[in-house]
1. Residue by residue through region 44-61, note down the ones that are under 25 Å from ARG82 (Cβ atoms) and either modelled with pLDDT under 90 or touching a Cys at 6+ places or on another chain (Cβ under 6 Å) (or both).
2. What do you reckon, is ASN124 out of contact with any Asp or Glu (no Cβ under 9 Å at 6 or more places or on another chain), surrounded by fewer than 17 Cβ atoms within 10 Å (Cβ to Cβ), among the polar types (S, T, N, Q) and modelled with pLDDT of 60 or more?
3. Among (1) assigned to a strand (DSSP E or B); (2) farther than 22 Å from GLU2 by Cβ; (3) among the small types (Gly, Ala, Ser); (4) within 16 Å of the chain's Cα centre (by Cα), there is one condition GLY70 misses while meeting the rest; what is its number?
4. Looking for whichever is buried (at least 16 other Cβ atoms within 10 Å of the Cβ) and either assigned to a loop (DSSP other than H, G, I, E, B) or more than 15 Å from the chain's Cα centre (by Cα) (or both) here; the options are ARG75, ARG93. Which one fits?
5. Within region 9-53, take every residue that is farther than 15 Å from ARG104 by Cβ and of a type in the set (Gly, Ala, Ser) and give me the one that is nearest to the chain's Cα centre (by Cα).
6. Could you please tell me which pairs satisfy a Cβ distance under 6 Å, a separation of 6+ or placement on different chains, a first residue in region 41-62 that is within 18 Å of LEU102 (Cβ to Cβ) and among the β-branched types (Val, Ile, Thr), and a second residue that is assigned to a loop (DSSP other than H, G, I, E, B) and modelled with pLDDT of 90 or more?
7. In region 78-90, what residues are at positive phi and either over 13 Å from the mean Cα position of the chain (by Cα) or in contact (Cβ under 8 Å) with a residue 40 or more places away in the chain (or both)?
Amino acid sequence: MEDYAARLLKLALENYQRASVSEIRFISGMMPAFVDDQGPHFLEAAYLSKELVVEVHNLCRLLADQPVKGSGAARTYTFVLRGIGRLRCKYQRRGNVASLVLARDADAEETIDAIRAKKPGKGN
């Protein structure tokens with residue numbers, strides 16, 4: 001299932017590179033979706049199981065900038081991807097429902113500028 005979770009995450013992130021997309025949603029019992037100014041758009045994929053959402057969450061957690069905070073049922077963390085920037089991930093699990101929402105971090109531009117290497121000879 002991990003390979004499928006990785007392919008699903010990659011497909012969702014490819015759609016996320018468009019500037020108009022504000023978030024990606026993985027919610028058990030639904031198809032993965034990306035959201036833009038016109039609302040949610042569902043990806044051509046099977047309905048997500050709770051276990052598959054947990055797998056996608058675990059893959060994202062591996063990319064986290066810092067140790068993941070929160071309890072097992074609710075976690076928030078960030079990671080950076082080239083071409084997209086910093087993403088804030090919010091994972092929640094309640095009963096048989098698991099959800100993972102990825103959204104651009106509100107501080108992403110400042111953060112990316114802060115970690116981007118300066119070009120040699122420019123103010124160094």
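The values are calculated or read from the model by the stated rules, or taken from the named source; none is laboratory data. Just so you know, these numbers come straight off a predicted model, no measurement behind them. Neighbour counts are summed over all protein chains in view; Cβ atoms, including those assigned to glycine, are modelled from backbone coordinates with ideal geometry.
1. Scanning region 44-61 gives ALA45, CYS60.
2. Taking the combined requirement at face value, the residue does not satisfy it.
3. (4)
4. ARG93
5. This residue is ALA33.
6. From region 41-62, the pairs are VAL53/SER28.
7. We begin by selecting, within region 78-90, every residue at positive phi; these are 83, 85.
Result: GLY83, single match.
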